[in-house]
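The values are calculated or read from the model by the stated rules, or taken from the named source; none is laboratory data. Since the model is a prediction, treat every value here as computed from it, not as a measurement. A quick note on method: Cβ atoms are made from the backbone with ideal geometry, for glycine too, and the neighbour counts reach across all protein chains shown. Quick note on the areas: whole protein, heavy atoms, side chains included, nothing else; ligands and nucleic acids left out. Shrake-Rupley method; radii C 1.70, N 1.55, O 1.52, S 1.80 Å.
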Amino acid sequence: MATEKRTIFSPELAARFDRLVTLYPVKRSALVPMLLYSQDEVGYISPEVIVELADRLDIRTNDVESVLSYYSMLRTKPVGKYNVQVCTNISCMLRNGYGILEHCKKRLGIGHKEVTPDGLFSLEEVECIGACCWAPAVQVNYDFYDDLTVEKMDQVLDDYQAGRGKVTV
Amino acid sequence: MPKLVSHPDEVRIISRRFGTGAENIDKYVELDGYKAAQLCIEKGPEFIINEMKASGLRGRGGAGFPTGLKWSFVPKNVDRPKYVLVNGDESEPGTCKDHLIFLHDPHAIIEGTIIAGLAIGAKMGFIYLRGEYRYLLKIMEKAVADAYAKGYLGKNIFGSGIDFEVVTQTGAGAYEVGEESALMESLEGKRGVPRIKPPFPAVVGLYGGPTVINNAETIASVPHIFLMGGEAYAKVGSERNGGTRLFGISGHVEKPGVYELPMGYNLKKAIYEVAGGVLGGKKLKAVVPGGSSTPVLTADELDVGLDFDQMGKAGTMLGSGGIVVLDETVSMVEFALRTISFYQHESCGWCIPCREGTDWLKKTIGRVYAGGGVEKDLDNIKYLAENMMGRTFCPLGDAAAMPTIGFIKKFRHEFEEYVRGNAGVSPAEHDAALVSLG
């Protein structure tokens, strides 16, 4: 449907969305994945994203906004190119998760949900990311780093700083 | 890449293919993959449900409801479409077992979904993964595409004349969505708030159709039940607790990891032998035995079998199988604060006792931790938590209240030390304690 329409997304993502909405008994089921995939491409959920998703799913923009505000991974402001998410939940806490968080704060010079001035990094303290047996664990965007020490964390940040970091989308 | 561990006491059924490259469909088929689905097509729904009942398999998400019985509740003659929904929203702190299944054995999830579909007469299944598991979603998506290409999914699966579609779905960050009715809401493109029950999903579920919702580990266990036979599977476990389970042992142990142990395996042995004992030879103080929502056990309560019934008798729960070990250096007040902070953050706000209760518990425990608590706070914590129990649509309220009651009952003396000013923390630590997750 939307291929001949104007879209704010890349042709690949627009085509992906065209297909996605056909997979479910009800089109709206595609909303949560579409929000996340839009964010991956645009960087955050912009007002334009909300309008286009509402249009594609034949729902109101405030339906999209109400869903958007519920999920913790979705955001309405840009973050750093590399979003460093440090887990401090119980298993990570017992394995120095807070130490890793403090180290990241110091090294990057930013706090929870802040972005470095060059826009390269942002930092977030997050709840359990499902890597408890390999704690402490961190996610940079979608990539997991586990069994961390302060030294290993530095290595991870060095790699991203130098543009050698892993990037799964 | 998460490290795989092993121990001689393990009985490897679900984890049998871990590390063998079975995410590749040909390898999976070589290792008896999709045999169970073909057997089930041949034998039909009644056989499937009988074998499932005989297996004694109980829901691995935490509630422990018998899977075969759950499937049998789906009405046979309805004209609405039926659905299978696999819950891979794994978010309970301490739990990372499904992570490994998605990583190493995605086809077992697909095969289990097909069998559940055959049992209830569904033509469509959904596999829902939490949003953080993007790399695992990609593995799952590839496995699904490969299964379609081979004719194991889609029209006329295995040439049987039966159609079965599978769709993978990603979440976007929400613990609450792991609750079955909230999961359905999320899959319908809405906020993940719970639905009131009854009606139960088996009657009115996804898109209003009868729906079976199972945890990813439950579904991954299903093909093995048909490879072994239900009775043989049941025998591996303990009484009324069939089979094995993936136990994730984390925290202060020498060899943390996910171990597959028979149901009923002794908890103390799991910690001291399987996981190599307490880290650095320190003394054990407490164990959270089945994910962060299960009531804590003290060091002298560990001689108990890891199954739903024995853990229940011990005053706690088997839960999600996430065993978190705490050594003597841990402040139970700080640990209780971190636990309630999580539930306060994740409460969806739908039910007032949970929304307000978690917030007041966090504030009160936070005040005690910061050294500003009074004796009455300790009774208030207990009173608040006890009054959340059973008063919410979904179990998140209970999940927040149960561990809190456990901490205050079993470690009240530690809370008292904080109140008396003998264990206060510095203002800097106080700021750190008021977990800033927003």
task = May I have the pair-distance distribution P(r) for the protein assembly as shown, computed from all Cα-Cα distances with 20 Å bins from 0 and rounded to whole percent?
result = 20, 56, 23, 1
Pairwise label distance in nanometres, B:TYR135 with B:VAL29, each label 7 Å out on the Cα-Cβ vector = 2.8 nm
inquiry  = If you take every DSSP beta bridge fully contained in region A:1-142, what fraction is antiparallel? Give it as a percent rounded to 5.
reply    = 45 percent
inquiry  = On a straight-distance basis, which aspartates and glutamates could pair with B:LYS150 in a cross-link, Cα separation under 20 angstrom, same-chain partners fewer than 8 positions away excluded?
reply    = B:GLU23, B:ASP26, B:GLU30, B:ASP32, B:GLU42, B:ASP105, B:GLU111, B:GLU141, B:ASP163, B:GLU165
inquiry  = Please check region B:1-46 for residues whose accessible area, probe 1.4 Å, is lower by 30 Å² or more when all protein chains are in place than in their chain alone.
reply    = B:PRO2, B:LYS3
query = By a straight-distance test (C-alpha under 27 Å), which lysines pair with A:LYS105 as possible cross-link partners, with residues fewer than eight away in the same chain excluded?
reply = A:LYS77, A:LYS81, A:LYS113, A:LYS152, A:LYS166, B:LYS362, B:LYS363
task = State, in square angstrom and to the nearest 100, the accessible area buried between chains A and B, both chains counted, probe radius 1.4 Å.
result = 4700 Å²
request  = Give the residue from B:VAL78, B:VAL304, B:THR404 lying farthest towards the positive end of the charge dipole for the protein assembly as shown; charges sit on Cβ (+1 for Lys and Arg, -1 for Asp and Glu) and the dipole is referred to the Cα centre.
outcome  = B:VAL78
note = Semi-axes (Å, rounded, descending) of the ellipsoid equivalent to region B:252-409 per its C-alpha gyration tensor are 28, 18, 12
query = Could you work out the helix-only [θ] at 222 nm for chain A, with each DSSP H run of four or more residues adding -39,500 (n - 2.57) and the total divided by the number of residues, to the nearest 500 deg cm²/dmol?
reply = -12000 deg cm²/dmol
Region B:244-327 - accessible surface per residue (Å², probe 1.4 Å) = 27 Å²
ask   = Roughly speaking, to the nearest percent, how much of the protein assembly as shown's 1.4 Å accessible area is carbon and sulfur?
value = 53 percent
key: Inter-part distance where region B:276-314 and region B:139-201 are each reduced to a Cα centre, Å   = 34 Å
ask   = Viscosity 0.692 mPa s, temperature 37 °C: Stokes-Einstein D of region B:25-236 from its Kirkwood Cα radius, in µm² per second?
value = 195 µm²/s
query = With the solvent-accessible surface defined on protein heavy atoms using a 1.4 Å probe, which residues belonging to region A:120-139 display a reduction of at least 40 Å² in accessible area in the multichain context relative to the isolated chain?
reply = A:GLU125, A:GLU127, A:CYS128, A:GLY130, A:CYS132, A:CYS133, A:TRP134
ask   = What is the pair-distance distribution P(r) of chain B, computed from all Cα-Cα distances in 20 Å bins starting at 0, with each bin given as a whole percent?
value = 26, 56, 17, 1
inquiry  = How large is log10 of I(q)/I(0) for region A:61-169 at q = 0.10, 0.19, 0.21, 0.24 Å⁻¹ when the intensity is taken from the Debye formula with one equal scatterer per alpha-carbon?
reply    = -0.28, -0.95, -1.12, -1.37
remark   = Once amide hydrogens are built 1.01 Å from N within the peptide plane, the residues lying 5 or more places from B:VAL253 or on another chain with amide H under 5 Å from its amide H are B:LEU279
inquiry  = Straight-line reach from B:LYS190: which lysines fall under 17 Å, measuring Cα to Cα and dropping same-chain residues less than 8 apart?
reply    = A:LYS27
key: In sequence order, calculated HN-Hα J values of region A:104-116 (Karplus, 6.51, -1.76, 1.60; Hz; x Gly/Pro)   = 4, 4, 5, 5, 8, x, 9, x, 3, 6, 10, 10, 5
message = Please list, by residue number, every one of the trypsin sites (Lys or Arg not before Pro) in region B:293-391 that is coil in DSSP and has at most 16 other beta-carbon atoms within 10 Å.
response = B:ARG391
key: Accessible surface, region A:11-70, averaged per residue in Å² (probe 1.4 Å)   = 42 Å²
task = Treating the Cα atoms of region B:244-327 as identical point scatterers in vacuum, please give the log10 of the normalised Debye intensity I(q)/I(0) at q = 0.11, 0.16, 0.25, 0.26 Å⁻¹, two decimals.
result = -0.22, -0.48, -1.28, -1.39
query = Per residue in region A:16-60, which ones lose no less than 10 Å² of accessible surface when going from chain alone to all protein chains (1.4 Å probe)?
reply = A:ARG16, A:LEU23, A:TYR24, A:PRO25, A:VAL26, A:ARG28, A:SER29, A:VAL32, A:PRO33, A:LEU36, A:TYR37
message = Probe of 1.4 angstrom, ligands and nucleic acids ignored: what's the accessible area per residue over region A:82-161, in square angstrom?
response = 33 Å²
query = Of the beta bridges DSSP finds with both residues in chain B, what % are antiparallel, to the nearest 5?
reply = 45 percent
ask   = Ranked highest first by average number of other Cβ atoms within 10 Å, how do B:249-261, A:63-75 line up?
value = B:249-261, A:63-75
